[in-house]
1. Just to be sure, is Ile228 surrounded by 16 or more Cβ atoms within 10 Å (Cβ to Cβ) and either in the same structural domain as Val25 (by TED's automatic domain parsing) or not aliphatic (A, V, I, L, M) (or both)?
2. Quick check on region 183-199. Is at least one of its residues surrounded by fewer than 19 Cβ atoms within 10 Å (Cβ to Cβ), modelled with pLDDT of 90 or more and of a type in the set (Lys, Arg)?
3. Could you tell me whether any residue of region 136-153 is farther than 30 Å from Thr207 by Cα, outside any helix (DSSP H, G or I) and aliphatic (A, V, I, L, M)?
4. Go through region 199-256 and give me each residue that's hydroxyl-bearing (Ser, Thr, Tyr) and free of Cβ contacts under 8 Å to residues at least 40 places away in the same chain.
5. Which residue, of Val32, Val25, Val36, is within 20 Å of His202 (Cα to Cα), modelled with pLDDT of 90 or more, in contact with a Leu (Cβ under 8 Å, 6 or more places away or on another chain) and surrounded by 16 or more Cβ atoms within 10 Å (Cβ to Cβ)?
6. Is it fair to say Ile165 is assigned to a helix (DSSP H, G or I) and touching a His at 6+ places or on another chain (Cβ under 9 Å)?
7. Pairs, please: C-beta under 6 Å, at least 6 apart or cross-chain, first residue in the same structural domain as Leu205 (by TED's automatic domain parsing) and in region 1-22, second exposed (fewer than 14 other Cβ atoms within 10 Å of the Cβ)?
Amino acid sequence: MSTFQFFYKSLYDKKVLAYSRFQPVTKALLHVLLVVFIACIPFIVSLIMTYVSSINQLEESLENDLPPFSLKNGELQAEIEQPYVNESLSEGVFVLDPNNELTTQDLEQLGEGIIFQQNEALLFRYGSTHSVNYSLIGLQEVSDTELNERLTDIKGFLPFLLAIISLLMYSGVLGLAFLGITILAFVALLFRGTRKNIQYRHMWLITAYAMTLPVILFAWADVFIGGIPGYFLVLAILCMIVYALSAIPKPKQKTK
């Protein structure tokens, strides 16, 4: 059975999941790499769309009359008593919030856009929020009149910035995946029953393949639906492990 056939059948076939305990560790590692990559696709696409949209919104905002503001030592300075919200853009909003008064709930009501807060910029898109430190994009010292020129430079290295952020995101999720597999494999030993021949290394391999469907579904659903509790993912993976164990026959009891 090829790697891709094994991957496909690990989504639903309990016999394949049970057989995965005999797979080489290297194949299991590659399998986890592939699962995490597929799971990260919607996050990365959403990230790219948010950054590109926010840059365009900022460019359009600078063409309008904005309250005077500047960035000094990576801190937003603006003489406004309450957050300034520009909703006259063709798409999204631009917000100046030097005192960090707006909450996550406020941003959800605004829909999508970019907000300059005291020490960072927030790119938000219907509940999904990405924070960007001003120093990361070279805006430690800049006035509102100079910002338009800086945007040209930012757009130039934006592809490299997005590639680095995407790689860091993938690496972080991958680390969490391996940590989760390691912990859940220990927990799953409680479900082996009389199958004492199943050792921890077998359970680790089963867990690595049993997580395939739950992780992909959870990741994609979290982007498009949102608000799914993390323990649902843990329960789903444990259910898949029990499902796989049901395909492993129990040892026959010795007759006297």
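1. no
2. Within region 183-199, not a single residue is surrounded by fewer than 19 Cβ atoms within 10 Å (Cβ to Cβ), modelled with pLDDT of 90 or more and of a type in the set (Lys, Arg).
3. Step one: of region 136-153, the residues farther than 30 Å from Thr207 by Cα are 136-153.
Adding the requirement that they be outside any helix (DSSP H, G or I) leaves 138-146.
Within this subset, residues satisfying the condition of being aliphatic (A, V, I, L, M) are 139, 142.
Checked region 136-153: at least one residue is farther than 30 Å from Thr207 by Cα, outside any helix (DSSP H, G or I) and aliphatic (A, V, I, L, M).
4. Listed by number, the residues that qualify are Tyr200, Thr207, Tyr231, Thr255.
5. Values: Val25 fails: surrounded by 16 or more Cβ atoms within 10 Å (Cβ to Cβ); Val36 fails: within 20 Å of His202 (Cα to Cα).
Result of the check over Val32, Val25, Val36: Val32.
6. For Ile165, the condition - assigned to a helix (DSSP H, G or I) and touching a His at 6+ places or on another chain (Cβ under 9 Å) - is met.
7. Between residues of region 1-22 that are in the same structural domain as Leu205 (by TED's automatic domain parsing) and residues that are exposed (fewer than 14 other Cβ atoms within 10 Å of the Cβ), the close pairs are Lys14/Ala247; Lys15/Ala247; Ala18/Ala247.
The values are calculated or read from the model by the stated rules, or taken from the named source; none is laboratory data. Worth saying up front: this structure is predicted, and the values here are computed from it rather than measured. Ideal geometry is used to build each Cβ from the backbone, glycine not excepted, and the neighbour counts take in all protein chains shown.
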